[in-house]
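Engineer: Quick one: the structure is below, questions incoming.
No value in this document is a laboratory result; all are computed from the given coordinates. All figures in this text were calculated on a predicted structure; none of them were measured in a lab. All Cβ positions, glycine included, derive from the backbone under ideal geometry; neighbour counts span all protein chains shown.
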Amino acid sequence: MLPTELSGALLNESIRYENGALWCDGVPLDALADAVGTPAYVYSAARLRANVARLQAAFAPLNATIHYSLKANANLAIVRLLAGLGLGMDAVSGGEIDRALRAGVDPARIVFAGVGKTPAELAYALDAGAGWINVESRDELRLLDRLAAERKVRPRVALRLNPGISARTHPHIATGHFGAKFGIAPEVVADILAHQSAAPHVAIEGLHVHIGSQLGRVEETIEAVREAQSLAAPYRTLRTLNIGGGFPVAYTGAERYPDPVQFAAALAPLLNGWQVKLEPGRSIIADAGLLLVSVLYVKHQGGHRFVITDGSMTELIRPALYEAVHPVIPLRAAPVAGPAIVAGPVCESADVLHRGADLPPLAPGDRLAVLVAGAYGMAMASNYNLRVKPPEVLIEDDTWRVVRRRETWDDLLRLEEDV
Ligand SMILES: Cc1ncc(COP(=O)(O)O)c(C=O)c1O
């Protein structure tokens with residue numbers, strides 16, 4: 001069997017084999033790897049545009065405003081590209097607000113979310129004129145009210161509801177149940193709404209519910225929206241619902257997930273008369289990106305074939321953190337020889353990129369692509385083991401450019417004082 005068949009469901013118009021060689025849009029990836037080295041992240045601008053168009057079309061009947069969730073991948077060039085497609089931004093730190101502003105995003109189109117915003121970050125968001133602040137506790141509301149009073153501004157606020165609903169997803173990315181730190185319990189939301197005069201310097205005009213990422217079904221989202229609507233119902237000025245992100249993407253090709261059209265169709269009957277906001281991240285960038293790695297060594301032990309690559313958990317921590325499965329395929333298609341454990345050089349047993357990847361015979365120097373790596377890949381990369389972060393390359397049709405260069409050992413020392 002060829003890897004082309006195995007991963008067929010995960011390849012797309014942008015990332016595909018041509019005559020046995022893996023391409024991203026108009027660029028052969030072997031030639032790109034020759035030019036920029038490995039490991040390296042590669043993103044397809046065409047696929048990004050297609051993903052945005054798909055979401056925009058799905059939610060057009062709901063007239064929804066889409067705020068890209070910067071946490072998925074906040075590379076400046078990518079944020080610029082997405083802003084150019086008309087997306088607002090969802091930021092969860094002062095750093096992300098700064099990134100959005102530097103990308104030229106209109107501050108009014110930024111929603112500022114997060115369970116632990118510092119006073120300095122809230123003040124920065126107010127001074128920058130962020131369009132919405134999603135508040136996650138009574139304490140935060142009090143602080144925001146005070147900071148707004150000091151500045152003589154009246155920010156628009158959405159209270160983030162924790163509806164007490166367990167989404168069908170990995171426990172680390174389920175956020176809407178009462179064991180999760182996120183959001184405000186329904187009875188507290190009700191109480192805050194009943195006493196809005198206690199926070200006169202903020203305008204509570206919305207509720208926010210994000211119950212998790214990689215949502216396997218629409219039912220829990222519907223339930224969460226209903227809960228939010230019942231809390232908002234008595235208040236005429238409260239007609240904005242931010243439903244968060246969480247639209248799932250296929251990582252193995254075997255998943256049977258609802259697509260954005262199914263989410264939109266299920267939500268539409270509920271949302272008549274509501275202003276709808278969305279905060280998708282993964283569904284925009286995940287399958288537009290891949291991680292290129294090179295084989296360093298191959299060894300057999302304990303009945304396993306270990307393929308040690310120059311890519312590791314420091315580039316892509318999702319397999320170690322979430323037991324995520326990312327398909328790994330060769331840059332040159334060849335018949336599969338059997339399963340392999342694809343692992344990196346980091347001194348951790350958890351440093352595995354894929355356990356049981358069906359791969360051809362491999363030798364040092366061969367190259368592999370780790371697919372569906374655009375979201376929460378580079379965004380969660382680290383310098384553990386003093387590894388430098390990889391470059392990021394953006395492909396536009398048959399041209400490419402490095403949009404973040406590979407770090408150097410000097411970069412690693414830049415902030416140290418005793419050099
Ligand atoms: C509040 C909030 N909004 C949006 C997102 C984006 O989720 P996703 O990338 O699954 O679309 C997240 C991610 O966890 C989140 O916490």
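Engineer: Sort 66-72, 409-415 by packing, meaning the average of other beta carbons within 10 Å per residue, with the highest value first.
Structural biologist: Ranked by mean Cβ neighbours within 10 Å, highest first: 66-72, 409-415.
Engineer: Oh, and also: Please give the length that would be gained between Thr118 and Ala185 if that part of the chain were fully extended, namely 0.36 nm times their separation in residues minus their C-alpha to C-alpha distance (nm, one decimal).
Structural biologist: Difference between extended and current length: 22.0 nm.
Engineer: Still on this structure, I have one more. At a Förster distance of 30 Å, what's the computed FRET efficiency of Thr408 paired with Phe306, Cβ-Cβ distance as r, to 0.05?
Structural biologist: E(calc), rounded to 0.05, equals 0.55.
Engineer: Something else: Based on other C-beta atoms within 10 Å, arrange Ile222, Ile284, Ile192 from fewest to most.
Structural biologist: Exposure proxy ranking, most exposed first: Ile222, Ile192, Ile284.
Engineer: Sequence gap at least 6, Cα distance under 8 Å: using those rules, report the relative contact order of the chain to the nearest whole percent.
Structural biologist: Across the chain, relative contact order equals 20 percent.
Engineer: Hey, another quick one. Convert 20 °C to kelvin, take the viscosity as 1.002 mPa s, use the Kirkwood radius over C-alpha pairs of the range 47-189 as Rh, and evaluate the Stokes-Einstein diffusion coefficient in µm²/s, rounded to a whole number.
Structural biologist: The calculation lands on 132 µm²/s.
Engineer: Okay, moving on. Quick check: pseudo-label points 7 Å beyond the Cα along Cα→Cβ at His201 and Ala35, how many nm apart are they?
Structural biologist: With each label placed 7 Å out from Cα toward Cβ, I get 5.3 nm.
Engineer: Please compute the net charge surrounding Asn242, taking Lys and Arg as +1 and Asp and Glu as -1 over other residues with Cβ under 10 Å from its Cβ.
Structural biologist: Around Asn242, the charge tally is 0.
Engineer: Let me ask something additional. How big is the Rg/Rh ratio for the chain, C-alpha atoms only, Rh by Kirkwood, two decimals?
Structural biologist: Using only Cα positions, Rg/Rh for the chain is 1.00.
Engineer: Of the peptides 131-144, 200-213, how do they stack up when ordered by the mean number of other Cβ atoms within 10 Å, highest first?
Structural biologist: Descending packing order for the listed peptides: 200-213, 131-144.
Engineer: Further question on the same structure: Identify all aspartates and glutamates with a Cα-Cα distance to Lys71 below 17 Å; exclude those on the same chain that are fewer than 8 residues away in sequence.
Structural biologist: In chain and number order, the partners are Asp90, Glu96, Asp98, Glu121, Glu279, Asp287, Glu315, Glu392.
Engineer: At Arg332 and Asn19, where each label point lies 7 Å from the Cα along Cα→Cβ, what is the point-to-point distance in nanometres?
Structural biologist: 1.4
Engineer: For the range 46-285, what does the convex hull of the Cα positions come to per residue, in cubic angstrom?
Structural biologist: So the per-residue hull volume is 112 Å³.
Engineer: Oh, and also: Cβ under 14 Å from Pro163's Cβ, Pro163 left aside: what net charge do those residues give with Lys, Arg +1 and Asp, Glu -1?
Structural biologist: -4
Engineer: Net charge near Arg387: determine it from the other residues with C-beta under 13 Å of the C-beta of Arg387, scoring Lys and Arg +1 and Asp and Glu -1.
Structural biologist: -4
Engineer: Here's something else I'd like to know. Give the residue from Phe178, Ala198, Phe263 lying farthest towards the positive end of the charge dipole for the range 46-285; charges sit on Cβ (+1 for Lys and Arg, -1 for Asp and Glu) and the dipole is referred to the Cα centre.
Structural biologist: Looking along the dipole axis, the top candidate is Phe263.
Engineer: State, to one decimal in nm, how far the label point of Phe178 lies from the label point of Val419, with both points 7 Å from Cα in the Cβ direction.
Structural biologist: Each label point is offset 7 Å from its Cα along the Cβ direction, giving 5.2 nm.
Engineer: Assuming R0 = 56 Å, what is the FRET efficiency of Ala60 and Asn385, from their Cβ-Cβ distance, to the nearest 0.05?
Structural biologist: Computed FRET efficiency for Ala60 and Asn385: 0.75.
Engineer: If you stretched the chain out fully between Tyr322 and Leu85, how much longer would it get, using 0.36 nm times the residue separation minus the C-alpha to C-alpha distance?
Structural biologist: Separation in residues times 0.36 nm, less the Cα-Cα distance, equals 82.2 nm.
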